[in-house]
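Reading through the structure tokens given below for one structure.
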Amino acid sequence: MIAYVSQSAFWGLLISAVEVYKRECFGLLIGYRDRKGPDHRYIIEHAVPYQSAGRRHRTVVNNPRAHRRIERFLQSIPQMSVIGDFHSHTMWGYSRAASSLSDTDLQGMKAENVYLIVSVNDRLREVPWSYNDDGSLSGTTDDHHFRLTAYTVTAAREPRRLAILCPYALGFGARPLRAIL
Ligand SMILES: [Zn+2]
């Protein structure tokens, strides 16, 4: 299974996480599920931060009324629906941000949805954006190191990592090659 992240969603995730760093952000993933073919794909078109989320370090308080308002709004847009949510994990003192799910994260997860963890740490050195063996995507901006990890759960509530596909991110920060004459 694959979680495709559009350019818009990629920036939405990074900007939401940086805005409140080192507190945690929370938001909705908007797009659609593509069940054609053998590969089940989640197409994440937009990542919309919850402005009404109560933010504290390590805990983000969900807001069910705001969630319902957004779902009602999206019913008027046939191609788009809420297909999951995202939140950030940030560094705390000297301990680096985790990319794994906490017990609290697992509790609210539904098998038909996709969930993204945005792990944000202070940048130590520049790292080009690339995919990792566990399916996550990581890289740096000027000040931060990010790792995006996608999850779903099985019907038995076991977490499963999905491979992230974000062609846009791989080109981000790439320096143009010097012409060799
Ligand atoms: Zn979490």
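The values are calculated or read from the model by the stated rules, or taken from the named source; none is laboratory data. Computed from a prediction, not measured in an experiment: that's the story for all the values here. All Cβ positions, glycine included, derive from the backbone under ideal geometry; neighbour counts span all protein chains shown.
Every condition in (1) within 12 Å of the ligand (Cβ to nearest atom); (2) over 18 Å from ALA3 (Cβ atoms); (3) surrounded by 15 or more Cβ atoms within 10 Å (Cβ to Cβ) holds for TYR115 except the one numbered (2). Assessment of the range 102-114 against the conditions (of a type in the set (Ser, Thr, Tyr) and at pLDDT below 95) yields at least one matching residue. Taken over the range 73-105, the criterion of being part of a loop (DSSP other than H, G, I, E, B), within 16 Å of the ligand (Cβ to nearest atom) and either in contact with a Leu (Cβ under 8 Å, 6 or more places away or on another chain) or not aliphatic (A, V, I, L, M) (or both) is satisfied by ARG96, SER99, SER100, SER102.
Is it the case, given these coordinates, that SER16 is assigned to a helix (DSSP H, G or I) and surrounded by 22 or more Cβ atoms within 10 Å (Cβ to Cβ)? It is true that SER16 is assigned to a helix (DSSP H, G or I) and surrounded by 22 or more Cβ atoms within 10 Å (Cβ to Cβ).
Answer yes if at least one residue in the range 127-144 is under 15 Å from GLU24 (Cβ atoms), away from the ligand (no atom under 15 Å from the Cβ) and either of a type in the set (Gly, Ala, Ser) or in contact (Cβ under 8 Å) with a residue 40 or more places away in the chain (or both), and no otherwise.
So far as the range 127-144 goes, yes, one or more of its residues are under 15 Å from GLU24 (Cβ atoms), away from the ligand (no atom under 15 Å from the Cβ) and either of a type in the set (Gly, Ala, Ser) or in contact (Cβ under 8 Å) with a residue 40 or more places away in the chain (or both).
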